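Worksheet: the structure to be examined is printed underneath.
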Amino acid sequence: MSGCDLQGIGMTSQRTRDRLVARLREQGITDEAVLSLIGSVPRHIFIDEAWGHRAYEDSSLPIGHGQTISQPFIVALMSQLLNVSPRQRVLEVGTGSGYQTAVLASLCERLFSVERIEALVPRAQQRFAAMKLRNITLRYGDGYAGWPEKAPFDGILVTAAPPEIPAALVDQLALGGRLIAPVGTAESQSLQVIDRTEDGLIETMHERVHFVPLVNGIAKQ
Ligand code: SAH
C-alpha cells in the first residue's frame, strides 16, 4: 500500500523532519522523547499522498470526512503536557489519522483509542501495522463515553473539542492521572488539563487552540 510507504518520501524528508523538530524546540517544546518521536514518526504515511509534500510542515491537513490531522506543534505540546511514562495506560478520544496515537503509543505501555468515523479506523490500523506498533487497541465508537471496560487510565487525551469535558472521561481517570482536552466552541477553545490528585481534581487552562468539534454519537461513512 503506497500510503504506508515508510521509505520513498520518508527517506528524502529526513531533513525536513529535522527542520520541524528545530522549529518545535524554538517554540518551547523541551521533552526530548517527544522531539525525537516527531523526528522519527513518518507523518507522511498518515495523510493522503496528495498532501505528502506538506507532511513535515507545522500545519494541520485534511484527512477526509471533514477531519484533520493535528498540527505537529499541538501533537508535541499535548504529548509533553500528558507526561506519561513507559508503564502507563492511556486513552485517546479521536484517533483520526492515528498520528497522535503513534506518537503517544511510543511513550506508554498500552494505548486505547476511540474514533467515531468508521472508515478512519482500519486506515489507522494499517499504519500502525506498517510501523510495527503493537500496543495500540482501536475501537469504533463514541468517545464521549470513554472506554469504561479498560479504565482507569493514567492519561486521557481528547483530540476534538467538546463544549465541556465529558464527566465519563473524568470518571475513568486514575489517581495521579491527567486528562487533556481542547474545550470550547469553534470560535474559542483552550487546552484544559485536569489532574486527579489525593486532594481531588485540579483544573488548569493552557494555550488557545483550534480543533474540530467532539461530536456525539457514531458515524458510518
Ligand atoms: N489526533 C488526530 C486528530 C483528528 S481530528 C490526528 O492527528 O489525526 C479529531 C478526530 O476526533 C476526528 O477523527 C473525529 O472523527 C474524532 N471524533 C470527534 N468526535 C468524536 C467522538 N465523540 N468519539 C470519537 N471520536 C470523535
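The values are calculated or read from the model by the stated rules, or taken from the named source; none is laboratory data. Fair warning: this is a prediction, and the values are worked out from it, not measured in the lab. All Cβ positions, even for glycine, are placed from backbone atoms using ideal geometry, and neighbour counts span all protein chains on display. Accessible surface areas use protein heavy atoms only, side chains included; no ligands, DNA or RNA. Shrake-Rupley method; radii C 1.70, N 1.55, O 1.52, S 1.80 Å.
To the nearest 10 degrees, how steep is helix 72-82 against the longest Cα principal axis of the chain, on a 0 to 90 scale?
With both axes taken from Cα atoms, the answer is about 40 degrees.
State in Å² the accessible area per residue of the chain; use a 1.4 Å probe, count heavy atoms of protein chains only, and round to the nearest integer.
Details: 10140 Å² over 221 residues.
Accessible area per residue: 46 Å².
Could you size up the charge dipole of the chain around its Cα centre, putting +1 on the beta carbon of Lys and Arg and -1 on that of Asp and Glu, and report it in debye to the nearest 20? Please report the intermediate quantities before stating the final value.
Numbers: 21 positive and 24 negative charges, 148 e Å.
In total the dipole reaches around 720 debye.
Report the net charge of residues surrounding ARG54, where surrounding means a beta-carbon distance below 12 angstrom and charges are Lys +1, Arg +1, Asp -1, Glu -1.
Around ARG54, the charge tally is -3.
Where the centre of each part is set by its Cα atoms, how far does the stretch 107-146 sit from the stretch 22-45, in angstrom?
21 Å
For the chain, what relative contact order do you get, as a whole percent, if you take Cα pairs closer than 8 Å and at least 6 residues apart? Mind showing how you got there, number by number?
Working: 445 pairs, mean separation 34.0, N = 221.
The value is 15 percent.
Nearest 5 is fine: what % of DSSP beta bridges in the chain come out antiparallel, could you say?
Details: 18 of 38 bridges.
So the antiparallel bridges in the chain amount to around 45 percent.
Say we join alpha carbon atoms closer than 10 Å with springs in a Gaussian network model of the chain; which of GLU115, GLU92, GLU26 then has the biggest fluctuation?
Checking each option, the largest mean-square fluctuation is seen for GLU26.
Among VAL93, VAL170, LEU191, flag the residue with its Cα farthest along the positive direction of the charge dipole of the chain, charges on Cβ as +1 for Lys/Arg and -1 for Asp/Glu.
Looking along the dipole axis, the top candidate is VAL93.
Given a 1.4 Å probe and the protein chains all in place, what does the accessible area of ASP48 round to, in Å² to the nearest 10?
For ASP48, solvent-accessible area is about 70 Å².
At 1.4 Å probe size, what's the solvent-accessible area of GLU164? Round to the nearest 10 Å².
130 Å²
Taking the highest mean first, how do the peptides 131-142, 177-188 order by number of other beta carbon atoms within 10 angstrom per residue?
177-188, 131-142
What full-extension length gain, to one decimal in nm, is calculated for ARG139 and SER40 as 0.36 nm per residue of separation minus the Cα-Cα distance? List each step's numbers first, then the result.
Values: separation 99, 0.36 × 99 = 35.64 nm, distance 2.57 nm.
Between ARG139 and SER40, full extension yields 33.1 nm more.
For ILE63, list long-range residues whose amide hydrogen, built 1.01 Å from N in the peptide plane, is under 5 Å from its own amide hydrogen.
Residues meeting the criterion, in which the H sits 1.01 Å from N, are THR68, ILE69.
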